[in-house]
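See structure below.
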Amino acid sequence: MIIDTIEQAHKYYGLHPLFETAFEFILKNDLKITPDGKIEMPENIRAFITTSIGKTKETSLEKFECHDQFIDIQLCISGTETFGWKPRSNCKTQNGAYNPEKDVRFYADKPDMYFQLKDNQFTIFFPEDVHAPMIGDGEIKKMVVKIKI
């Protein structure tokens with residue numbers, strides 16, 4: 001997992017060949033005025049923007065998730081978003097079967113830690129990062145970019 005500000009995104013371009021494309025899109029667009037919905041991106045990148053009211057920790061933990069085929073870049077555009085996190089290697093209790101169509105696997109474990117993102121901060125979740133997003137009070141606008149491994 002990585003946590004940083006969008007101004008420092010260039011430091012991570014070398015971690016995956018598509019990171020530069022994803023971050024350059026974020027840096028070149030005014031996402032505060034970009035409407036919710038799917039964003040057209042090159043092959044092997046999926047992206048969307050959502051605006052919604054934050055969830056309680058308990059509600060978010062119902063979908064304590066990780067992915068096998070994609071890396072998530074999650075950017076807080078506005079609001080304050082809290083995430084739960086735990087390494088997959090420490091998760092013991094799966095919550096249902098892996099869904100290959102949605103590339104999601106859920107766990108019933110509890111996070112080891114929580115952290116917050118504010119405007120223009122992002123996190124990168126790799127397949128080994130189990131995460132519970134969208135915890136917060138009030139409205140959260142975010143962009144999720146999924147990078148094919």
Straight-line reach check, Lys11, cutoff 14 Å on alpha carbons, 8 or more apart in-chain or any other chain, hits among aspartates and glutamates -> Glu20, Glu24
The summed charge of the Lys146 Cβ neighbourhood (under 15 Å; Lys/Arg +1, Asp/Glu -1) stands at -2
With every protein chain kept in place and a 1.4 Å probe, the residues Tyr107, Tyr12, Tyr114 fall, from largest accessible area down, as Tyr114, Tyr12, Tyr107
With the 8 Å Cα cutoff and a minimum separation of six or more residues, the chain has a relative contact order in percent of 37
Read-out Rg and Dmax of the Cα atoms in Å, candidates (i) 14.1, 45; (ii) 15.4, 49; (iii) 14.5, 41; calculated match is (iii)
Once all protein chains are kept in place, Lys102 shows an accessible area at probe 1.4 Å, nearest 10 Å², of 140
With 0.36 nm assigned to each residue of separation and the Cα-Cα distance removed, Thr93 to Glu20 gains 22.8 nm
Dividing the mean separation of Cα pairs under 8 Å (6+ apart) by the residue count of the range 71-149 yields a relative contact order in percent of 54
Non-local residues with an amide H under 5 Å from the amide H of Ile77, with H modelled 1.01 Å from N and Pro and chain starts lacking one, are Asn120, Lys141, Lys142, Met143
Whole-percent carbon and sulfur contribution to the accessible surface of the chain (1.4 Å, no ligands, DNA or RNA) stands at 51
The helix 19-28 Cα axis meets the longest alpha-carbon principal axis of the chain at an angle in degrees, between 0 and 90 and rounded to 10, of 60
Between the modelled labels at Glu101 and Lys63 (7 Å from Cα along Cα→Cβ) the distance in nm is 1.5
Probe 1.4 Å, all chains present, heavy atoms only: Phe122 accessible area in Å², nearest 10, is 0
Heads up, the range 61-120 by the C-alpha gyration tensor (a ≥ b ≥ c square roots of eigenvalues; a/c under 1.5 rounded, else a/b over b/c prolate, else oblate) looks oblate
Ignoring ligands and nucleic acids, Thr34 exposes an accessible area, probe 1.4 Å, in Å² to the nearest 10, of 30
What helix-only [θ] at 222 nm does the chain give? Using -39500 (n - 2.57) per DSSP H run of at least 4, over all residues, to the nearest 500, the answer is -2500 deg cm²/dmol
With the charge dipole of the chain built from beta-carbon charges (+1 for Lys and Arg, -1 for Asp and Glu) about the Cα centre, the Cα from Gln121, Asn44, Gln69 projecting farthest to the positive end belongs to Gln69
The set of residues whose placed amide H lies less than 5 Å from the amide H of Lys86, leaving out same-chain residues fewer than 5 positions away, is Asp112, Val130
Excluding residues fewer than 8 positions from Lys57 in its own chain, the lysines with Cα under 22 Å of it are Lys86, Lys92, Lys110, Lys118, Lys141, Lys142
Subtracting the Cα-Cα distance of His10 and Asn44 from 0.36 nm times their residue separation yields 10.3 nm
Mean accessible area per residue over the range 1-136 (1.4 angstrom probe, all protein chains present, square angstrom) is 52
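The values are calculated or read from the model by the stated rules, or taken from the named source; none is laboratory data. Not measured: the values here are computed from a predicted model. All Cβ positions, even for glycine, are placed from backbone atoms using ideal geometry, and neighbour counts span all protein chains on display. When the accessible area is computed, the model is the full protein with side chains, heavy atoms only, and any ligands, DNA or RNA have been set aside. Shrake-Rupley method; radii C 1.70, N 1.55, O 1.52, S 1.80 Å.
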